[in-house]
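Asker: Quick one: the structure is below, and I'll ask about it shortly.
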Amino acid sequence: MKNKEIERLNLAMKETSDKRLYERYLAVRLRLEGHSFAEIGNLLGRLRQTISNYWQSYQNQGLSGLEMGHSPGQPPKLTEEQRIQLAAMLEQKQPVDVGFEARYTWTLPLIAEWIKREYGVTMSVRGISAMLRRMNFSFTKATYTLANADEEAQAFFRKHTFAQLKKQVEAEEIDHLLFEDESMIRSYQALQYNWFPRGKQRKVPTYGKHEGAKLFGAINYETGTGASS
């Protein structure tokens, strides 16, 4: 448990650009590593009581208790259970799934509205942004994924069909091995930035049914030359 706390503090120290907040994280980490308040105070040039206050805030409210301008006696806006529910909702659902007109994009005002509706808690967009970053979320752009793609068929082609075709080309049993594909410039909606777990990216399903211009292209497997129309 202690090791996990230290890991979270190390991550928070890497992510913050605020020197004073970094110092608070460091003070708590040193305490978890077994240093006394007096030792930490001497190392950081702070009073023993100041280090003790950092520790008590962390004990009561976790990382959020160490935020700049945060009152040690002020409870967090959302409970840990509510933050877990919020994280799961943002990762697994889109606004349209929970009753909003917006389909795919979770913005800070929308999240604030959801929190107000579900928990009766009013939060500023700035406060929500800081909370989400502590929850290891980032504001990233979504990407499209083919909803009807058959991953098993793709894997079978790569492992079996394509391997057999290459052997036939090498044995001159077939003259050419051409790969042909159709591309389409579609009138998709613009992809928007969205709050999502750090290191991941929301996938927006597309079914290839929008209007657009079609292009056809082929490439020769042996020579690498290609043509399109």
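Asker: Scan the stretch 83-93 for residues that are touching a residue at least 24 places away in the same chain (Cβ under 8 Å) and under 14 Å from the mean Cα position of the chain (by Cα) and jot them down.
Answerer: Residues satisfying the conditions are 86, 87, 89, 90, 91.
Asker: Condition first: at pLDDT below 75 and part of a strand (DSSP E or B). Can you find one or more residues in the stretch 162-171 that meet it?
Answerer: No - not one qualifying residue is present in the stretch 162-171.
Asker: For the stretch 105-122: of the residues being in contact with a helix residue (DSSP H, G or I) (Cβ under 7 Å, 6 or more places away or on another chain) and loosely packed, with under 15 Cβ neighbours inside 10 Å, which is nearest to residue 84 (Cα to Cα)?
Answerer: For the stretch 105-122, the residue satisfying everything is 121.
Asker: Of (1) under 22 Å from residue 131 (Cα atoms); (2) buried (at least 16 other Cβ atoms within 10 Å of the Cβ); (3) small (Gly, Ala, Ser), residue 17 satisfies all except one. Which?
Answerer: (2)
Asker: Turning to a different aspect of this structure: Any residue in the stretch 115-130 that is modelled with pLDDT of 90 or more, under 17 Å from residue 64 (Cβ atoms) and within 18 Å of the chain's Cα centre (by Cα)?
Answerer: Checking the stretch 115-130: not a single residue is modelled with pLDDT of 90 or more, under 17 Å from residue 64 (Cβ atoms) and within 18 Å of the chain's Cα centre (by Cα).
Asker: Using beta carbons and a limit of 7 Å, which pairs, at least six apart or on different chains, have the first residue in the stretch 23-34 and touching a residue at least 12 places away in the same chain (Cβ under 8 Å) and the second one part of a helix (DSSP H, G or I) and of a type in the set (D, E, K, R)?
Answerer: Taking only residues 6 or more apart or on different chains, the pairs are 32/2; 32/5.
Asker: Check every one of the helices (runs of 4 or more DSSP H) wholly within the stretch 24-140 and list those with 1 or more residues that are closer than 20 Å to residue 8 by Cα.
Answerer: 37-44, 48-61, 80-92, 125-134
The values are calculated or read from the model by the stated rules, or taken from the named source; none is laboratory data. It should be emphasised that the depicted structure is a prediction, and the values quoted were computed from it without experimental measurement. Ideal geometry is used to build each Cβ from the backbone, glycine not excepted, and the neighbour counts take in all protein chains shown.
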